[in-house]
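See structure below.
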Amino acid sequence: MTLINFTVQSFEEKLNKQNTGQNKDVKLCRVELYLNYINSYLRVTFSPGLMKSELPNGVTQFDTIISKVNPPTNTLSNFLEYACSTDNCDKKFALAHIQWLLNAQYTTLHITVRSILLGNAVNSSEVNCFINDSSKVLCADEVCAVSHDNDETEYKQSCGNKDVEDTILQMTTYVDIAGNKLREETTLICQYNECNSRSIFSKILTAIKEKYDLKPMFRAFNMSIESNETATKTHSFTSSKLTTSTSKNETPPMHVISITYLVFGTFYLLVFLINFS
């Protein structure tokens, strides 16, 4: 996809003109970059518009979400969030990492995951979900869930929540840049019979290992991590909120360039919207 209307220079110019709304009630600066590659859409949000975030100081959270696997409504998006405590550290982070994030489209992984999920879909009048490797139950909401943490060998399998409208695969990586530590989680929410089986999820995890390259992110962080296996693993980060529903706010595409500055009492929300198309 050619992002013909976007340049890092114009991004920097617009970003530098904005006041990110410093407030005494904000203990940490926070910034979130959201990129939807299907709709060519970028959103940048600064604290305290991220008041609900629990990300610790100096930690980055990177989420890749593949949802709605049936075209033309399928979605591939990345979220990059960072918490920091020095002047303008949020703006500096956004400017330093926008370029590699633009390139992190993971199109091949997207296609492979869709192929695995659609290829294993089974027509059934009911949805049974695995709750462990050998046992399954009938799920009233017709939604299944399965997740895996990089420090664990077992999968967590269960029924899902009816609030989820479509299949969602989320890869979450927490990075402590200074401590050279990371934690990785993968979660699948799906809506067809036995879709959270170990067999299907193992194929997805294999595809992620082969096609989900995080080295550009590590290089951008100047971390001494050459592969996922050489990093120090840790459980010190807050677990991903995606268990039965998406933890991130997928915003519909905007067809104009706009800057929105909203005031809620003493709290401020700055949202920077760019459309590439």
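None of the figures in this text is laboratory data; all of them are computed from the coordinates on show. Nothing here was measured: the structure is a model prediction, and the numbers come from that model. No Cβ is skipped: glycine too gets one built from the backbone with ideal geometry, and neighbour counts run over all protein chains shown.
Using a Förster distance of 25 angstrom, determine the FRET efficiency expected from the C-beta separation of Thr206 and Asn132, and round it to 0.05. That pair, Thr206 with Asn132, gives E of 0.75.
Under 5 Å from the amide H of Lys181 lie the amide H atoms of Asp176, each residue being 5 or more positions distant or on a separate chain, with H modelled from the backbone and absent for Pro and chain starts. With a/c under 1.5 counting as rounded, go ahead and sort the stretch 75-224 into rounded, prolate or oblate using the C-alpha gyration tensor (a ≥ b ≥ c being the square roots of the eigenvalues; past the cut-off, prolate if a/b is larger than b/c, else oblate). Prolate, because a/c is 1.5 or more and a/b exceeds b/c. Computed 3J(HN,Hα) for the stretch 213-221, one whole-Hz value per residue from the Karplus formula 6.51 cos²θ - 1.76 cosθ + 1.60 where θ = phi - 60°, is 8, 9, 4, x, 5, 4, 5, 5, 8, glycine and proline marked x.
Other residues with beta-carbon under 13 Å from the beta-carbon of Glu126 carry, at +1 per Lys or Arg and -1 per Asp or Glu, a net charge of -2.
Each Lys or Arg adds one and each Asp or Glu takes one away; over the other residues whose Cβ falls under 12 Å from the Cβ of Thr112, this sums to +3. Stretching Asp87 away from Asp141 to a fully extended chain increases their span by 14.7 nm, per 0.36 nm per residue minus the current alpha-carbon distance. Applying a DSSP loop filter and a limit of 15 other Cβ atoms within 10 Å to the GluC sites (Glu not before Pro) in the stretch 137-182 leaves Glu152, Glu154, Glu165.
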